[in-house]
Every structure is written in C-alpha cells, then in structure tokens.
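The values are calculated or read from the model by the stated rules, or taken from the named source; none is laboratory data. What you are looking at is a predicted structure, and each value in this text was computed from that prediction instead of being measured. A quick note on method: Cβ atoms are made from the backbone with ideal geometry, for glycine too, and the neighbour counts reach across all protein chains shown.
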Ligand SMILES: [Zn+2]
C-alpha cells in the first residue's frame, strides 16, 4: 500500500483521506464525486441561464410594447403620457444594459 510518491502522514493515510498514491480508490471516488457535483452545477447554471434569457426576452418584449405604446399614446393622448412612458423606456434600457454587462 505504501508508495514513495505519497507524502501523507500516517494518520491521514490510515483514515482514508490520503492522496492518490496511498488511497487510489478513495481518490477516484472523490474525484468522480467532484465531477458529478461539477456537472450538476453546470446543469443548474445552464437552467439559470435559460431562465435569464427568457426573462430578458420578456423584458425586450415589454420594452417593445412600451415603445409602441409611447408612440401611439404620444400622438393620441398628448406629450405627457408619452414623456412618462419614455422615462419607463429609459429605465428599461438602462436595466437591460446593466443586465447584459453583468451577465457577460
Ligand atoms: Zn498519500
């Protein structure tokens, strides 16, 4: 069981927490555990990313609706409504920019 490449203190190799030389099976088990955890993390992040993308496209849709509404309302009900919607539009734009910066 002893390997010259092992630098573990006796107490550590005895408890099964050693390196890949004194505890090869333990090392493989732990490594595959880490790999599985890594894969789960990737899956989770991908799902999160999809959700974010859906959220952003929802925001873009809302923004487009607001843009349309602001044009129509600006014409039909006067400049005041258009101005308010324009402010909302600007806030949405800034939020989107911030989101894109943060996400990439
Ligand atoms: Zn060792």
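Checked against the criterion of being exposed (fewer than 11 other Cβ atoms within 10 Å of the Cβ), assigned to a helix (DSSP H, G or I) and modelled with pLDDT of 80 or more, the candidates 49, 36 yield just one match: 36. Filtering segment 56-104 to residues that are modelled with pLDDT under 75 and exposed (fewer than 10 other Cβ atoms within 10 Å of the Cβ) leaves 76, 102, 104.
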